[in-house]
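Read through the structure below, which is laid out as structure tokens, and then see the notes.
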Amino acid sequence: MCTLISKYNVAGPRYTSYPTVPYWDQESFSLKAWKETLRKSFHESNAKEGISLYIHLPFCESICTFCGCNKRITKNHDVEMPYLKSVIKEFIMYYELFDEKPKIKQLHLGGGTPTFFSSENLRLLLSGIFTIALKTKNCELSFEGHPNNTTKEHLTTLAKQGFNRVCYGVQDYNATVQKAINRVQPYENVLRATKEARTEGYDSVGHDIIYGLPFQTQNDVINTINKTITLRPDRIAFYSYAHVPWMKGNGQRGFKDGDLPTADQKSLQYQIGKKMLLKAGYVEIGMDHFTLKTDSLSIAQQNGSIHRNFMGYNSSKTQVMIGLGVSAISDSWYSFSQNIKSLEAYQSLVNDNILPVFKGHILTQEDLIIRKHILNLMCAFETSWVDNASFFPELPDVLLKLKELENDGLIEITSKKLTVTEKGRPFVRNVCLPFDMRLQRNKPKTQLFSMTI
Ligand SMILES: C[S@@+](CC[C@H](N)C(=O)[O-])C[C@H]1O[C@@H](n2cnc3c(N)ncnc32)[C@H](O)[C@@H]1O
Ligand code: SF4
């Protein structure tokens, strides 16, 4: 395994989208084209399947030095209300593009820290959203909760609004690791927040844990997983630490590169963690997720409805996902757009009645075909090209480039399909790389992505 790791540990995207954000073609994108493609997609799909809504709530009271999310650190809670007003106003601007009410199939509050906001303000936000949108019958509403500040009141208020899924950031329980990442978070806080979510009737409680953090040892991963499985969360995201210190404003500091585990140590941490999770009755879902067999993601993996987008893995797909808030990304299937990353600019554009989109991409026919292959690989670890619609002229070259991975037993290729083997699962990002024609045609000159292992 160690030789495979040194061979395949290269910089590569996590493929939450194809094309990946650095490869979006700005030239062919305009706000007008974004609105047109979104309107078309909305009318094709809203009545049939509904839409997804992602709301980015960027504030956190203190910075965790490993964090790669777009956030704003402040202890001043006066920022809450003006921000929420902008979010509702942005949603109204989208609503005015359509001639029927959006039907929400999935709604996710992400961050930053949604539980930075008071439960009353979150209630006001949601009532603002649901005065102009409907919910589908089996609507999934979820949020990211920080175990240190998710109160019983947050859980009750959101449950009353129909929230049925919460995901807590845990990361690691070791005191040295927690100090290095500036996130002191005792087990008791996670225990309380998990128990309270269960009492409030949440169907799915998730924990995020990370391997490859500064000073983290194999024993720390074992201890963290042991504590995690005692609480039996329905979903466990077991993320590989993405070290991207070159990304502006993401706060990855407070430790040196030399304080991080090596690629081999990191891979061993993943392998031992995975073994423990499987032994504890969890099933592996796509890349870096584990769930109990009863969880809707596991059921979706079995019936083939699992989907992946900027919100992560979902139990069903909607063609349209609207992202509201600073830096949020939207997806109409035919196009992507991203909101401006500066909080002040976001609020000022929305106040002036301008959609705060600052970049995007309109997918070509080739992008749409490749997007599907990459989604298949990330969600189901296999893809096929039996029908003409899945074929693109460079496919034979892509398969040739993948020969090496086949020889190493990481994938199997037949005349009709490619399957990632059990041994190849940790390398799924490497399997996607040759499909990524935009990257293959224009290799990055500086490092844009985290390492694949
Ligand atoms: C927005 S945070 C979760 C909510 C809340 N802010 C908290 O920290 O509890 C989303 C999750 O992304 C993951 N994450 C953030 N930065 C990461 C990185 N550099 N590498 C891997 N995972 C990361 C963490 O597991 C974190 O819990
Ligand atoms: S991990 Fe969560 S709380 Fe910490 S800085 Fe990132 S978003 Fe904020």
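Points to keep in mind about this one:
- Residue match in the stretch 345-356 (condition: crowded, with 21+ Cβ neighbours inside 10 Å, of a type in the set (A, V, I, L, M) and in contact (Cβ under 8 Å) with a residue 60 or more places away in the chain): yes
- Hey, Gly206 within 15 Å of ligand 2 (Cβ to nearest atom), outside any helix (DSSP H, G or I) and either surrounded by fewer than 21 Cβ atoms within 10 Å (Cβ to Cβ) or under 23 Å from the mean Cα position of the chain (by Cα) (or both) or not: yes
- Here Lys75, Lys35, Lys85 are screened, and the one residue that is within 29 Å of Pro114 (Cβ to Cβ), surrounded by fewer than 16 Cβ atoms within 10 Å (Cβ to Cβ) and more than 22 Å from the chain's Cα centre (by Cα) is Lys75.
- Ser119 vs. criteria out of contact with any Asp or Glu (no Cβ under 9 Å at 6 or more places or on another chain) and hydroxyl-bearing (Ser, Thr, Tyr): no
- Neighbours by Cβ (under 6 Å, 6+ apart or cross-chain): first from the stretch 306-319, modelled with pLDDT of 90 or more and buried (at least 21 other Cβ atoms within 10 Å of the Cβ); second charged (D, E, K, R) and not in a loop (DSSP other than H, G, I, E, B): Thr318/Glu49; Thr318/Lys105
- Counted residues, the stretch 1-34 - those being under 16 Å from Met451 (Cβ atoms) and among the basic types (Lys, Arg): 2
- From Phe427, Phe435, residue being buried (at least 18 other Cβ atoms within 10 Å of the Cβ), modelled with pLDDT under 95 and not aliphatic (A, V, I, L, M): Phe427
- Candidates Gln269, Gln265, filtered to the one that is touching a residue at least 40 places away in the same chain (Cβ under 8 Å), under 23 Å from Phe449 (Cβ atoms) and surrounded by fewer than 19 Cβ atoms within 10 Å (Cβ to Cβ): Gln265
- Spans of strands (runs of 3 or more DSSP E) in the stretch 273-353 with at least 3 residues polar (S, T, N, Q): 335-339
- Matching residues, the stretch 19-32, being surrounded by fewer than 16 Cβ atoms within 10 Å (Cβ to Cβ) and either closer than 14 Å to Ile329 by Cβ or free of Cβ contacts under 8 Å to residues at least 40 places away in the same chain (or both): Pro22, Glu27, Ser30, Lys32
- Residue match in the stretch 374-387 (condition: part of a loop (DSSP other than H, G, I, E, B), among the aliphatic types (A, V, I, L, M) and surrounded by 14 or more Cβ atoms within 10 Å (Cβ to Cβ)): no
- Residue match in the stretch 413-424 (condition: part of a strand (DSSP E or B), surrounded by fewer than 17 Cβ atoms within 10 Å (Cβ to Cβ) and among the aliphatic types (A, V, I, L, M)): yes
- In the stretch 1-120, counting only helices (runs of 4 or more DSSP H) that sit wholly within it, the ones holding 1 or more residues that are more than 30 Å from Phe427 (Cβ to Cβ) and not acidic (Asp, Glu) span 31-49, 80-95.
- Pick from the stretch 129-182, criterion of a type in the set (A, V, I, L, M) and within 16 Å of ligand 2 (Cβ to nearest atom), ranking: surrounded by the most Cβ atoms within 10 Å (Cβ to Cβ): Val166
- Subset of the stretch 412-447 (residues that are touching a residue at least 24 places away in the same chain (Cβ under 8 Å) and of a type in the set (D, E, K, R)): Lys416, Lys417, Arg425, Arg429, Asp436, Arg438
- Some residue of the stretch 52-73 being away from ligand 1 (no atom under 16 Å from the Cβ) and either touching a His at 6+ places or on another chain (Cβ under 6 Å) or modelled with pLDDT of 95 or more (or both): yes
- Taken as a whole, the stretch 227-240 holds no residue that is surrounded by 15 or more Cβ atoms within 10 Å (Cβ to Cβ), modelled with pLDDT under 95 and in a helix (DSSP H, G or I).
- Any chance Asp172 is among the acidic types (Asp, Glu), modelled with pLDDT of 95 or more and touching a strand residue (DSSP E or B) at 6+ places or on another chain (Cβ under 9 Å): yes
The values are calculated or read from the model by the stated rules, or taken from the named source; none is laboratory data. Computed from a prediction, not measured in an experiment: that's the story for all the values here. We place every Cβ from the backbone using ideal geometry, glycine too, and count neighbours over all the protein chains shown.
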